[in-house]
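What follows draws every value from the coordinates through simple rules; no lab data is involved. Only a predicted model underlies this, so the values are computations on that prediction, with no experimental measurement involved. Cβ atoms come from the backbone with ideal geometry, glycine included; neighbour counts cover every protein chain shown.
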Amino acid sequence: MRILLIEPSLPPRQVEIPGTLESMQTLVGGTIQAVFPFEDPIALICNDDGKLLNLPLNRALRNPDTGEIYDVVAGTFFLCGAPSDSENFTDLTPDQVTSYMARFHNPQQFILLNGHLLAFPLDNCHD
């Protein structure tokens, strides 16, 4: 299965995985959780206990209308296809890989300021 792997402090990279539950759990370091924060048929697969385990904050999820941060993914996560007509995760299309690689290209640093979480891109990442 062609996925986009997004690790803290690193730019995303396209990888191939078997698509088994075990391979997904290995990538995220524990029990998986699938969330669907995008309009595209894409699942974000992360460690279900990432925040409880204090995994490093990775990338912010933003409201598409306002740009405000509504959540932050903790730990390594990946994106894969999640077609509505299937119970299985699938490959990302080449266009999805390109689009989401650009969207998540820069790793982020997070700062809590006056009760508001701010995310700053780290521009010093190397591809």
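A simple spin-label model places the labels of Phe110 and Asp71 1.2 nm from each other, with each point 7 Å out along Cα-to-Cβ.
Treating r as the C-beta distance of Phe120 and Asn54 and R0 as 25 Å, the FRET efficiency rounds to 0.75.
For Asp71, what charge total do you get from the other residues with a beta carbon under 11 Å from its beta carbon, if Lys and Arg give +1 and Asp and Glu give -1? Kindly include the intermediate steps, with their values, before the conclusion.
Working: positive: Lys51, Arg59, Arg62; negative: Glu68.
Summing Lys/Arg as +1 and Asp/Glu as -1 gives +2.
Entry note, the chain: the mean residue ellipticity at 222 nm calculated from DSSP H runs of n ≥ 4, each adding -39500 (n - 2.57), is -4000 deg cm²/dmol after division by the residues and rounding to the nearest 500.
Loop-located trypsin sites (Lys or Arg not before Pro) in the stretch 11-115 (DSSP state other than H, G, I, E, B) with a sparse environment of at most 10 neighbouring Cβ atoms within 10 Å are absent. Going 7 Å from the Cα of Ser99 in the Cα-to-Cβ direction, what parts of the stretch 1-20 have a backbone nitrogen less than 13 Å from that spot? Label zone hits: none.
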